[in-house]
Amino acid sequence: MRVCDYSFRELDRKWVGITDNKMCKKIAKKIKQKKLICPIFGFFYIDMDNGLSLRVVGNIEKDGHHKLYLDEKLIFNDALIVDYDFVEKSEVTILDDEVVDNLDGASVLENKLLSNYKNVNNFLSTREMQELDAFRNPQFPDDVQVLLRNHNDDPDELLWARIEGIMDVKPDVLICRLLTNSYYNKEYVEDTMIGVKYFADDDALKVVGLLKKRNQK
C-alpha cells in the first residue's frame, strides 16, 4: 500500500520499509546518504511542529549471528527526517512487532522521539477522536478546520486551528490555537487560544469562544 492509503493512526509510531526503488533513491539523495539501497527503513511519528514525519534510519543490517541492527550513526543523526508529502505516494510496508522487537537500536530511536508525545491537557486522546477526522489536515492531524459564526450580518468563516488539549471543566470542548486570522472578527487572530466543540447534530466543528489563557496542568 501507499503511504497515503493509510490513516495517520495506522502510521503513527510505526516502523516501515519504503519498497519503491525510485523513492528510495530520492530519499537517499534528500538526506545525503547516497550509499543507502532499497528498501530504506524509517519510523513514522507526529512532530509537534511538522506533523506526520518519517525519521529515516537507512538499511537494516544483519550481523554474523543473524541479529538485525540499525546503523548507530544514522540513529543519532537528527537531520534524517522526511516530510509526509515527500513520500505520500510511495509504496510502504509496516513492519511486524516481532521484527521490531528484535531490531537492535529501534527502542533507542523511539525514546529519542518521546518528547513529541507529552500528554498535557489530555492532548493525546484528541487524536483518537474519529469524529474530528473530516476536519483534519492529512499531514498535520492536530490541525483542524473550524467554523466561526460571525455576527452583524458578516458571513461565517472557516479557520485553521491546532488542537492543544481538552478543557478540564468542559470535557467536550477542545483547547485550540488559531493558525489563521479571521477576516471579519479582529478578536480571532493567529495564536489566539479558542474553545472548539464538535456538534453531532449538524456534523460541524465550531468555535464556541475565546480562551483567555492556556489551560495547562
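Quick notes on this one:
- Under 5 Å between amide hydrogens, built in the peptide plane, is the criterion, and for ASN150 it picks out ASP156, GLU157 among residues at least 5 positions away or on other chains.
- Dipole moment magnitude, nearest 20 debye, the chain about Cα centre, only Lys, Arg, Asp, Glu C-beta charged: 900
- Here the mean projected area of the convex hull built on the C-alpha positions of segment 3-117 is 6.8 nm².
- Segment MET48-GLU110, length gained on full extension (0.36 nm per residue, minus Cα span): 20.8 nm
- Residue-span extension gain [ASP202 to LYS89] - 0.36 nm each, minus C-alpha spacing: 37.3 nm
- Note on segment 120-210: the alpha carbon radius of gyration divided by the globular reference 2.2 N^0.38 Å gives 1.02.
- Relative contact order [Cα under 8 Å, 6+ residues apart], segment 3-117, whole percent: 29
- Proportion of all alpha-carbon pairs of the chain beyond 23 Å (%): 53
- Distribution of pairwise C-alpha distances over segment 92-170, 10 Å bins, in %: 14, 29, 31, 16, 6, 3, 0
- Subtracting the Cα-Cα distance of TRP160 and GLU72 from 0.36 nm times their residue separation leaves 27.8 nm of extension gain.
- Helical mean residue ellipticity (222 nm; -39500 (n - 2.57) per DSSP H run of 4+; nearest 500) of the chain: -3500 deg cm²/dmol
- With 29 Å as the limit, the listed pairs LYS32/LYS112; LYS89/LYS170; LYS34/LYS62; LYS89/LYS206; LYS25/LYS118; LYS67/LYS118 have LYS89/LYS170; LYS89/LYS206; LYS25/LYS118; LYS67/LYS118 beyond it between alpha carbons.
Only the coordinates and a few stated rules stand behind these numbers; no lab work does. Keep in mind that this is a model prediction, so the values were computed, not measured. Ideal geometry is used to build each Cβ from the backbone, glycine not excepted, and the neighbour counts take in all protein chains shown.
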